Amino acid sequence: WPSIPKGPFGRFHFNRSTGKWSEGPTFNFNGYEVVQPANETPDFFYALEDWMSVINRGLKLTAVGATDSHTVNDPVGQARTYLNSHTDNISHIDRQEVYRAFTEGRATASAGIFAILKINEHFGMGDLVPAASLKNGSNNKNSLFTVTLRVAAPSWVRPREAMIYVNGKQVAWKSIGSTLNEPTDQTLEFSLELPPHDAYVVAFVLGDGIALPGWTTYGKATQAITNPIYLDVDGDKNYSAPRATAKRLIMNHGTQGKKLTPALQEKLLESETVKADPAILLHVKDLLKQGADHQP
């Protein structure tokens, strides 16, 4: 900030595809600012895509709204992070529960729009969905699972479109029928194909910018970004990020831990188990290029 080249990722020479940075300190933080209405960015997907590339690499960073107000011209609290709590009564809030909600990713980043993501009506942001719940649903015959997204906003905000991402790839889109000067509260349902490997699901909601003098969005948009819900597709009761899955596939494709020959590498890259997920394919290529045994 105030520009991408001069910001931390620009200075660290961040690779937007692989999520690797060649300079700077270790990422020892647990939050990532994905929504900042004070920035006059023309690309509202930029921070979202960078965040998902870091998740694909294996880091777990909670998506948050603006972390500060920057200047006296920027409305305090315009972008917010909503955290799970057992109560709406502020005098009864359990601080430890809120801290855990943040570190576990049970949160939504928001600038004017509120969103809640669920899978099979039961699992929410930060949850790991077990394989049995993914494969025993009503759409099991077609290898589908159901995602629901609640979108809510006050009367001066107009949500326009909702997008669903799996492992950083947009897999679904729906228009939101908001009405001028009326509040929005809708629940959208998506049927998604079950991915071949462990994965995560994220929702992004985009709406009109606000020109009102007391709540101007300099970025000309309102937004909501949910934190991931993780899918345990392979049934080992854990979540593996795309890069970890790529490492496993390379190891399983080799012979007694030896480096893959060019022929074996080509065979791996052409296999359906790799090609089916663009994020895993990208990381398999990156690991093979760098040397799987030496690439963090």
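What follows is calculated from the coordinates using simple rules that are stated; it is not laboratory data. All values derive from a computational prediction rather than experimental measurement. No Cβ is skipped: glycine too gets one built from the backbone with ideal geometry, and neighbour counts run over all protein chains shown.
Using Cα pairs closer than 8 Å and at least 6 residues apart in sequence, work out the relative contact order for the stretch 132-270, in percent.
This gives 22 percent for the stretch 132-270.
So for the stretch 242-290, what percent of the C-alpha to C-alpha distances run longer than 16 Å?
Across the stretch 242-290, Cα pairs with separations above 16 Å total 26 percent.
Over the chain, what relative contact order in percent results from Cα pairs under 8 Å that are six or more residues apart?
18
Rounded to the nearest 20 Debye, what is the dipole magnitude of the stretch 11-105 about its Cα centre when Lys and Arg each give +1 and Asp and Glu each give -1 at the C-beta?
Using only the charged Cβ atoms, the result is roughly 360 debye.
Using the per-residue mean of other Cβ atoms lying within 10 Å as a proxy for protection, in what order, highest first, do the peptides 203-209, 236-242, 248-254 fall?
My ranking of the peptides, most packed first, is 203-209, 236-242, 248-254.
Please name whichever of 46, 99, 181 sits farthest to the positive end of the charge dipole of the stretch 8-231, dipole taken about the Cα centre and charges placed at Cβ: Lys and Arg +1, Asp and Glu -1.
Final value for the positive-end residue is 46.
Treating the beta-carbon of each Lys and Arg as +1 and of each Asp and Glu as -1, no other charges, what is the dipole magnitude of the chain about its Cα centre, to the nearest 20 debye?
Its charge dipole is roughly 760 debye.
Rg/Rh for the stretch 205-285 to two decimals, with Rh computed the Kirkwood way over all alpha-carbon pairs.
Here Rg/Rh amounts to 1.29.
Taking the chain as the reference, fit the longest principal axis to its C-alpha atoms, fit the long axis of helix 278-290 to the helix C-alpha atoms, and give the angle between the two in degrees, 0 to 90, nearest 10.
50
If you average 1/r over all unlike Cα pairs in the chain and invert the result, what Kirkwood radius do you get in angstrom?
Result for the chain stands at 20.4 Å.
State which stretch of the chain is the longest one without any exposed GluC sites (Glu not before Pro), exposure meaning a DSSP loop state and at most 14 other Cβ atoms within 10 Å.
122-296
By how many degrees, between 0 and 90 and to the nearest 10, does the Cα long axis of helix 242-253 differ from the longest principal axis of the chain?
Roughly 10 degrees, rounded to the nearest 10.
What are the residues whose amide H is under 5 Å from the amide H of residue 172, where those residues sit 5 or more places off or on another chain and H is modelled from the backbone?
164
Using the Cα centre as the reference, give the magnitude of the dipole from point charges on the C-beta atoms of the stretch 242-290 (Lys, Arg: +1; Asp, Glu: -1; all else neutral), rounded to the nearest 20 debye.
So the magnitude is around 240 debye.
For the stretch 4-33, run through the trypsin sites (Lys or Arg not before Pro) and keep only the ones in DSSP coil with at most 15 other Cβ atoms within 10 Å of their Cβ.
Filter output for the stretch 4-33: 6, 16.
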